[in-house]
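Here the structure is laid out as structure tokens; the discussion comes afterwards.
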Amino acid sequence: MTLIFTCKTHPQNHTSVRTRLRGKSGDGTSNLQKDVDTCLRKQGRERVKPAPAAIPYSEAAHRALIALRCAKNARPINSVLDEDYKLEVEMLRPGTKLPSPMTVQRDLLYIYEQASIAVKNYFLVC
């Protein structure tokens, strides 16, 4: 069986059609996408690409990200006091309350304690 792909908006404008054997339907869609892009360009349009899904905000997730950023990038805990960082956060999410350096330190210690328990249990010999 052969699958036939035709333009659904302007089939009369295409001299050729794309075909693919049914058994080869998993070979990808790059040629089909190129044809769609070509057809849209001829119409003066562009294919709308879906925007990446936004990550929902939560104070706990924000605190975890700050703590991990400090740990992974060797940043000082008091970097949350930096005026430029405060402006960046305010620009991205107005009204966001940043944690104090003491809170970041407590979060880092908690993450360390929990991770060390997981590592210890991983290497525990039964």
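The values are calculated or read from the model by the stated rules, or taken from the named source; none is laboratory data. None of these values were measured; they are calculated from a predicted model. No Cβ is skipped: glycine too gets one built from the backbone with ideal geometry, and neighbour counts run over all protein chains shown.
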Can you spot a residue in region 57-64 that is in contact with a Pro (Cβ under 7 Å, 6 or more places away or on another chain) and at pLDDT 95 or above? yes
Restricting attention to region 40-68, the residues that are free of Cβ contacts under 8 Å to residues at least 40 places away in the same chain, surrounded by 10 or more Cβ atoms within 10 Å (Cβ to Cβ) and of a type in the set (A, V, I, L, M, F, W, C) number exactly 3
If Asp82 passes every condition in (1) within 30 Å of Cys7 (Cβ to Cβ); (2) surrounded by 12 or more Cβ atoms within 10 Å (Cβ to Cβ); (3) among the acidic types (Asp, Glu) but one, which one does it miss? (1)
